[in-house]
Ligand SMILES: Nc1ncnc2c1ncn2[C@@H]1O[C@H](COP(=O)(O)OP(=O)(O)OP(=O)(O)O)[C@@H](O)[C@H]1O
Ligand SMILES: [Mg+2]
């Protein structure tokens, strides 16, 4: 039962600033993902919450108590490391029971807790093994078990699945999420994989260069990215970006791209003639006419990637490269020229100067 | 064809190198063992022999006996002196090893994982002290030991050994700790362990091969020390084997047989220690910790 509140948190390594003022409020029981490009400070933030890195400025607050100077062993926070960090000279049972042992729980109690957790994770048959005799997935589970068995205030995960193969990754992400729901423990999860972030989280935190770009529910972040960084970071294939110039006509706005004008169907609060960037997700482009207010883009096919369910069709509109996620039935040929259509309300508009969302 | 010839030449060269090395290191040992079993009359013989012509245990009898005869005369037994020096060597070497190991185990860790001002400078100085020749500090050290009343005491000799061998031991242990993943320790801290508990329960077991290597090295260095006991152990109270054995040389007669019998016995503790500790030098202890 834990809330985590982070305010104006900064981290410098020597003279190099790595986190520039992070504000984040995490409610009890929430599953929060930190995503962002490599080197943006996700691990640093997580390790500061764990107490493994010192705080340069700002506060970290656990259940209303500032824990900046509380040592890691007294924070009651468990962490699953990317490389698992199992104690190699201890058996699975000893690894999982280590924290309980330190708390001076009775051997019978430890034994029971370890057995229950092992059963939960399908590790019952491996309790007497040493880590070196386990597969990657099993080690991952032991690392999880070590965190779960002690019922901590908060779980921290630093890319726990990145060493596993794709299939196991999907399976483990479901297991982790199910387990976390069942236990109701607040969890903070660092990942490179936006698919993991989207599917597992109550809240996604998109980071970039030591700052938070956007915080929100996965769908909200996907549907209304706050800026160009988030727009291109979340979603695969990435959102198409087309540059244009804003115009206003009869209280409604439109974007001039090349020779054509694309109506927005709404009023955008920005001076006319301002350079803007239109964002359109690949799945919002189609060959068939769209419902409601429609736009069309001339399109020349360069490359088709069949993924099975749909095809990613890469090509050019004007001088801009874009990609559309089209139905397999569309049956396009390389070099073919067509018109892609979409609904105007699916267009995201960003200020080119600031990158900020405009509506 | 040419390649094959080169290959065989290479192997022959390698074999030769190994042979020379073996001769170099085992030759003296063999000679000592040989001499310790050789009849005194054969020792003075003209031709060199690689095998005792008339094997005898007389030298060992003289070493261990309550009394003994030498060239027909009853002479005083050397056993009381020898056994005393043996114990002295054991006590000082073992004490020096234990103290050095404990200090290096904790100190090396501090030099790797703790942050304190001047850490690297301090470590540099410790390592640099290895370059100071022992002879230059002998006289000041002697005066220091006199004023502390530590001449000819176990404590004094042990302290000197520790000060001499600790820098290398620290250096070794520091490299061992540097090679261990810090994530294991971080995991232990998050599990609720303090610094010392983590060091003892998590780090030291994983550093065991390094600890054992350090222990062997320290013990062998202490066991073989000559100059320190020569200067600081004037009496049998703390005199070591290395100093005692050469004293078997009397004014008129060098008893090679006895000296070598004593030397062979003196070799046993280090050999046994290495064989014993080697069993714990298991490799791959760290395997499975990560990934
Ligand atoms: N000990 C350190 N000293 C100096 N700079 C550091 C240190 N640790 C991390 N950094 C820097 O801090 C920044 C953030 O690192 P961090 O490990 O938090 O990134 P990350 O978002 O977790 O990246 P990844 O996704 O690759 O794991 C990086 O630019 C890194 O170079
Ligand atoms: Mg990281």
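The values are calculated or read from the model by the stated rules, or taken from the named source; none is laboratory data. In this text the structure is predicted, and so the values were computed from the model without any measurement. As a convention, Cβ positions derive from the backbone with ideal geometry for all residues, glycine included, and neighbour counts pool all protein chains shown.
So, of the residues in region A:1-33 that are touching a residue at least 12 places away in the same chain (Cβ under 8 Å) and outside any strand (DSSP E or B), which turns out to be farthest from ligand 2 (Cβ to nearest atom)?
A:1
For every residue, the table says whether it meets (1) away from ligand 1 (no atom under 13 Å from the Cβ); (2) farther than 27 Å from residue A:9 by Cα; (3) more than 14 Å from every other protein chain (Cβ to nearest Cβ); (4) not in a strand (DSSP E or B).
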| position | (1), (2), (3), (4) |
| --- | --- |
| A:172 | yes, yes, yes, yes |
| A:175 | yes, yes, yes, yes |
| A:197 | no, no, yes, yes |
| A:219 | yes, no, yes, yes |
| A:229 | yes, no, yes, yes |
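Filter region A:66-84 down to the residues that are away from ligand 2 (no atom under 16 Å from the Cβ), in contact (Cβ under 8 Å) with a residue 40 or more places away in the chain and facing chain B (nearest Cβ under 7 Å) and list them by number.
A:77, A:78
Could you identify the single residue in A:116, A:105 that is under 18 Å from residue B:190 (Cβ atoms), surrounded by fewer than 19 Cβ atoms within 10 Å (Cβ to Cβ) and more than 10 Å from every other protein chain (Cβ to nearest Cβ)?
That would be A:105, the only listed residue that is under 18 Å from residue B:190 (Cβ atoms), surrounded by fewer than 19 Cβ atoms within 10 Å (Cβ to Cβ) and more than 10 Å from every other protein chain (Cβ to nearest Cβ).
Looking at region A:210-226, I want the residues that are under 11 Å from residue A:33 (Cβ atoms) and have a partner that is away from ligand 2 (no atom under 16 Å from the Cβ) and assigned to a helix (DSSP H, G or I) with Cβ atoms under 7 Å, at least 6 apart or on another chain. Which pairs are those?
Every condition considered, the pairs that remain are A:218/A:198; A:221/A:230.
If I go through region A:171-192 residue by residue, how many of them are more than 15 Å from residue A:202 (Cα to Cα) and within 16 Å of ligand 2 (Cβ to nearest atom)?
Qualifying residue count for the region: 1.
Give the residue, chosen from B:144, B:122, that is closer than 25 Å to residue B:215 by Cα and in a helix (DSSP H, G or I).
B:122
For region A:72-82, indicate whether the set of residues that are within 11 Å of ligand 1 (Cβ to nearest atom), surrounded by 18 or more Cβ atoms within 10 Å (Cβ to Cβ) and at pLDDT 95 or above is non-empty.
no
Filter region A:155-170 down to the residues that are in a strand (DSSP E or B) and more than 13 Å from ligand 2 (Cβ to nearest atom) and list them by number.
Across region A:155-170, the qualifying residue is only A:155.
Given the conditions (1) in a helix (DSSP H, G or I); (2) over 30 Å from residue A:62 (Cα atoms); (3) under 33 Å from the mean Cα position of the chain (by Cα), which single one is not true for residue A:125?
Just one mismatch for residue A:125, condition (3).
Look through region A:133-166, keep the residues that are surrounded by fewer than 23 Cβ atoms within 10 Å (Cβ to Cβ), away from chain B (no Cβ under 11 Å) and at pLDDT below 90, and return whichever of them is farthest from the chain's Cα centre (by Cα).
Out of the qualifying residues, it is A:137.
So in region A:34-59, with the set limited to residues that are part of a strand (DSSP E or B) and under 28 Å from residue A:195 (Cα atoms), which one is nearest to the other protein chains (Cβ to nearest Cβ)?
A:34
Tally the residues that are within 16 Å of ligand 1 (Cβ to nearest atom) and in contact with a helix residue (DSSP H, G or I) (Cβ under 8 Å, 6 or more places away or on another chain), restricting the search to region A:199-209.
Qualifying residue count, region A:199-209: 4.
Scanning for something more than 12 Å from ligand 1 (Cβ to nearest atom) and out of contact with any strand residue (DSSP E or B) (no Cβ under 8 Å at 6 or more places or on another chain), does region A:43-63 turn up at least one residue?
Looking for residues that are more than 12 Å from ligand 1 (Cβ to nearest atom) and out of contact with any strand residue (DSSP E or B) (no Cβ under 8 Å at 6 or more places or on another chain), one finds at least one in region A:43-63, hence yes.
With respect to residue B:172, determine if the residue is part of a helix (DSSP H, G or I), in contact (Cβ under 8 Å) with a residue 24 or more places away in the chain, within 14 Å of another protein chain (Cβ to nearest Cβ) and under 21 Å from residue B:97 (Cβ atoms).
So residue B:172 fails the test.
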